[in-house]
1. Can you tell me which residue within the range 7-37, out of those that are small (G, A, S) and either open to solvent by 40 Å² or more (accessible area, probe 1.4 Å) or in a loop (DSSP other than H, G, I, E, B) (or both), is nearest to N76 (Cα to Cα)?
2. Test L104 against the criterion of being farther than 21 Å from N81 by Cβ and under 13 Å from the mean Cα position of the chain (by Cα), and give yes or no.
3. Here is a list of conditions, (1) at pLDDT below 95; (2) within 16 Å of the chain's Cα centre (by Cα); (3) open to solvent by 70 Å² or more (accessible area, probe 1.4 Å), and I40 meets all of them except one; can you say which number that is?
4. Quick one: count up the residues across the range 86-102 that are open to solvent by 100 Å² or more (accessible area, probe 1.4 Å) and closer than 17 Å to T58 by Cα.
5. Under 9 Å between Cβ atoms, at least 6 apart or on separate chains: pull out the pairs that start in the range 51-74 with a residue that is under 19 Å from I89 (Cα atoms) and open to solvent by less than 30 Å² (accessible area, probe 1.4 Å) and end on any residue that is of a type in the set (D, E, K, R) and in a loop (DSSP other than H, G, I, E, B).
6. Residue under question is V144, and the condition is that it be in contact with a strand residue (DSSP E or B) (Cβ under 9 Å, 6 or more places away or on another chain) and under 23 Å from D66 (Cα atoms); does it hold?
7. Kindly indicate whether N81 is within 20 Å of R141 (Cα to Cα) and either part of a strand (DSSP E or B) or small (G, A, S) (or both).
8. Of these, S114, S52, which one is more than 13 Å from the chain's Cα centre (by Cα), under 22 Å from V144 (Cα atoms), of a type in the set (S, T, Y) and not in a loop (DSSP other than H, G, I, E, B)?
Amino acid sequence: MCGITGVVAFTEKGRNSFKYLNKAVESLNNRGPDGNGVYILNNVALGHTRLSIIDTSTAASQPFTDSTGRYTIIFNGEFFNFGDYREEIAKQFNLRSHSDTETLLYLYIKYGSSCFDMVNGFFALAIYDNQDEKLFLARDRMGVKPLLYYLDNDKL
């Protein structure tokens with residue numbers, strides 16, 4: 001299992017929360033002892049701790065950004081049938097890992113949120129589109145991997 005955390009700031013007070021991102025990631029180390037990472041851009045800060053299962057190489061480290069630099073994902077869970085889509089995705093996108101995370105990100109880029117109709121698995125994730133400055137959050141249908149959030153006037 002991995003761990004994900006993040007902040008979307010609406011105000012400068014919300015941006016002050018970014019200083020706690022490394023501490024939040026550190027608190028998740030027991031969920032992902034194989035690595036961790038942070039991504040901060042504009043008003044978004046994302047953190048991830050990694051338990052390497054499918055692709056144990058550093059090429060699959062998260063936060064994971066697509067080859068254009070537009071989309072970044074943090075993902076906790078497993079996408080069981082990612083192999084069914086990997087070949088299709090590899091025809092259109094230059095893949096650099098063998099991870100279910102990368103396959104899922106490119107499915108999202110290609111199909112939008114309807115890609116989750118194709119996904120067999122359990123997960124919680126965040127995908128940030130830095131061009132449109134939009135954050136997409138999702139969890140599996142059954143909530144096996146919970147996605148908890150807090151919202152106030154300054155931040156999500």
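The values are calculated or read from the model by the stated rules, or taken from the named source; none is laboratory data. Quick caveat: nothing in here was measured; it's all calculated off a predicted structure. Cβ placement follows ideal geometry from the backbone for every residue including glycine, while neighbour counts extend to all protein chains displayed. To get the accessible areas, we keep the full protein, side chains included, count just its heavy atoms, and leave off ligands, DNA and RNA. Shrake-Rupley method; radii C 1.70, N 1.55, O 1.52, S 1.80 Å.
1. Within the range 7-37, the subset small (G, A, S) is 9, 14, 17, 24, 27, 32, 35, 37.
Retained after the next criterion (residues that are either open to solvent by 40 Å² or more (accessible area, probe 1.4 Å) or in a loop (DSSP other than H, G, I, E, B) (or both)): 27, 32.
Details: S27: 15, G32: 10 Å.
Here the answer is G32.
2. no
3. (1)
4. Taking the range 86-102 as the starting set, the residues that turn out to be open to solvent by 100 Å² or more (accessible area, probe 1.4 Å) are 87, 91-92, 94, 96, 98.
So of that shortlist, the ones also closer than 17 Å to T58 by Cα come out as 94, 96, 98.
Here the count works out to 3.
5. Hits for this filter: A60/R96; T72/D66; I73/D66.
6. Values: in contact with a strand residue (DSSP E or B) (Cβ under 9 Å, 6 or more places away or on another chain): yes; under 23 Å from D66 (Cα atoms): no.
Answer is no for this residue.
7. Values: within 20 Å of R141 (Cα to Cα): yes; either part of a strand (DSSP E or B) or small (G, A, S) (or both): no.
Here the answer is no, as N81 does not meet what is asked.
8. Details: S52 fails: not in a loop (DSSP other than H, G, I, E, B).
Step by step, each of S114, S52 is checked, and only S114 is more than 13 Å from the chain's Cα centre (by Cα), under 22 Å from V144 (Cα atoms), of a type in the set (S, T, Y) and not in a loop (DSSP other than H, G, I, E, B).
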